[in-house]
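*Asks:* There's a structure below that I have some questions on.
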Amino acid sequence: MHRLGHGAHMTQRIASESPPFEPDIAASIDRIMQGRPPLRLFTTLARDPRLFTKFFAAGLLDKGHLDIRQREIVIDRTTALCGCEYEWGVHVAVFARTAKLSSEQIRSLVAARLTTHAGTTTTGC
């Protein structure tokens, strides 16, 4: 497993909600997670049903115009630069294989300076 390596340990500032969730929230989480345990982001948002509903209604989980590889390069690089180890780890663990990112490419996205890139077919990444 890869780690950011910044040395800082981040703790969760807002406690997550514990199951059982409200039926609408449980259905949304089940649909997205497809049998996997819910992400901490979702269980934290579940503390406030209105916020949870607004978050998902805003289309933040829309497929968008980037393919999965492009999306994961952007997310992995951004979370690494921000020191968001939890979110970075979730994306590397869950999506790196599907996005066809090698260990070397993942390391390059964490490096302070990009000496090599993740090898996209578009410019800017």
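Where a number appears in this text, it was derived from the coordinates with a stated rule and is not lab data. The model shown is predicted, which means the values in this text are computed figures rather than measured ones. So basically every Cβ, Gly included, is an ideal-geometry build from the backbone, and we count neighbours across all protein chains shown.
*Asks:* Label points 7 Å out from Cα along the Cβ direction at R50 and R71: separation in nm?
*Replies:* It is 2.9 nm.
*Asks:* Per q in 0.16, 0.22 1/Å, what log10 I(q)/I(0) does a Debye calculation on the alpha-carbon atoms of region 69-108 return?
*Replies:* -0.30, -0.58
*Asks:* Quick one: 3J(HN,Hα) in Hz for region 67-77, Karplus 6.51/-1.76/1.60 with θ = phi - 60°, rounded, Gly and Pro as x.
*Replies:* 6, 4, 5, 4, 4, 5, 4, 5, 5, 4, 5
*Asks:* Which length gain, in nm to one decimal place, applies between R13 and Q34 when the Cα-Cα distance is subtracted from 0.36 nm times their residue separation?
*Replies:* 4.9 nm is the gain from fully extending R13 to Q34.
*Asks:* Obtain the nm distance between the two label points defined at A58 and R97 by a simple spin-label model: each point lies 7 Å from its Cα along the Cα-to-C-beta direction.
*Replies:* For the pair A58/R97, the computed spacing is 3.1 nm.
*Asks:* Are there trypsin sites (Lys or Arg not before Pro) in region 15-95 that DSSP puts in a loop and that have at most 11 other Cβ atoms within 10 Å, and which ones?
*Replies:* K63
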